[in-house]
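Presented below is the structure to which this report refers.
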Amino acid sequence: MTSPDTAIQSLLQRSPITITDEAAMQQLGSELSKLLPRGSLVTLSGELGAGKSVLVRSTIHGFGYRGRVKSPTYTLIETYSVPETNHEYSGLQLAHLDLYRLTDPDELEYLGFDDVLSNHDVVFIEWPEQGADRLPEAALHVTISYGEGDTRQVSFSDPAENA
Ligand SMILES: Nc1ncnc2c1ncn2[C@@H]1O[C@H](COP(=O)(O)OP(=O)(O)O)[C@@H](O)[C@H]1O
Ligand SMILES: [Mg+2]
């Protein structure tokens, strides 16, 4: 992985990115896996169906996880370990959360949210707004908005910079 600052900076400089179709979104996910430093918390905002899960799924696959990556809509959290056979990201622990169905930010405690954060190398959170101020500051915030047809606009921001 590249140095944390440079990697995130390179994404911020390219923002916003116009994505023409789902394949291009998957390509972006695969690029993200090469740029995200260990310890990154990535939050993703955008309407239902914008493509947040598509982007996270392809990033997780980019890290070398080969199995199914399902949307954590009902389970709220899904976790993945990159197999030892993967040379670059061997043993990398990933967590994918979707807080859409969270009824109260307090529920994060029952989910063992603090442990989730400390036990995973890269954590993705869809619908961070639902966690309110219970979420720590993300390294990268992704906003996806709809364009014409399958087009999407993907913006990256550094929450620390906007604070
Ligand atoms: N450019 C695109 N990027 C991502 N998904 C797209 C795109 N165009 C169409 N889609 C479709 O939009 C849907 C995105 O779903 P999903 O990633 O689950 O959304 P979200 O997690 O934001 O609610 C999928 O059905 C996907 O096939
Ligand atoms: Mg989703």
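The values are calculated or read from the model by the stated rules, or taken from the named source; none is laboratory data. On a predicted model such as this, the values are computed, not experimentally measured, just so you know. As a convention, Cβ positions derive from the backbone with ideal geometry for all residues, glycine included, and neighbour counts pool all protein chains shown.
Starting from residues that are modelled with pLDDT of 95 or more and among the hydrophobic types (A, V, I, L, M, F, W, C), keep the ones in the range 109-124 and report whichever is nearest to the chain's Cα centre (by Cα). Among those residues, the one meeting the criterion is 124. Consider the range 18-31 and keep the residues that are more than 16 Å from the chain's Cα centre (by Cα) and in contact (Cβ under 8 Å) with a residue 60 or more places away in the chain. The one that is surrounded by the most Cβ atoms within 10 Å (Cβ to Cβ) is 19.
As a summary of the residue check, residue 126 satisfies the conditions (1) of a type outside the set (A, V, I, L, M, F, W, C); (2) closer than 19 Å to residue 30 by Cβ; (3) out of contact with any helix residue (DSSP H, G or I) (no Cβ under 6 Å at 6 or more places or on another chain) except for the one numbered (3). Here residue 132 meets the list (1) in a loop (DSSP other than H, G, I, E, B); (2) on the phi > 0 side of the Ramachandran plot almost entirely, failing just condition (1). Here residue 60 meets the list (1) within 13 Å of ligand 1 (Cβ to nearest atom); (2) more than 19 Å from residue 35 (Cα to Cα) almost entirely, failing just condition (2).
Please identify the pairs in which a residue from the range 90-105 that is hydrophobic (A, V, I, L, M, F, W, C) has its Cβ atom under 6 Å from the Cβ atom of a residue that is part of a strand (DSSP E or B), counting only partners at least 6 apart or on another chain. Pairs that qualify, where the first residue is hydrophobic (A, V, I, L, M, F, W, C) and the partner is part of a strand (DSSP E or B), are 94/80; 94/122; 95/79; 95/123; 97/77; 97/125. Only one of the numbered conditions (1) more than 19 Å from residue 12 (Cβ to Cβ); (2) in contact (Cβ under 8 Å) with a residue 12 or more places away in the chain is not met by residue 114, and that is (2). In the range 91-115, what residues are at negative phi and touching a Ser or Thr at 6+ places or on another chain (Cβ under 8 Å)? Answer for the range 91-115, where residues must be at negative phi and touching a Ser or Thr at 6+ places or on another chain (Cβ under 8 Å): 92, 93, 94, 95, 96, 98, 100, 101. Checking each residue of the range 69-90 against the condition of being modelled with pLDDT of 95 or more, at positive phi and loosely packed, with under 15 Cβ neighbours inside 10 Å gives no match.
Test of understanding: among 44, 55, 102, 48, which residue is within 30 Å of residue 150 (Cα to Cα), within 16 Å of ligand 1 (Cβ to nearest atom) and out of contact with any helix residue (DSSP H, G or I) (no Cβ under 7 Å at 6 or more places or on another chain)?
Within the list 44, 55, 102, 48, the selection yields 48.
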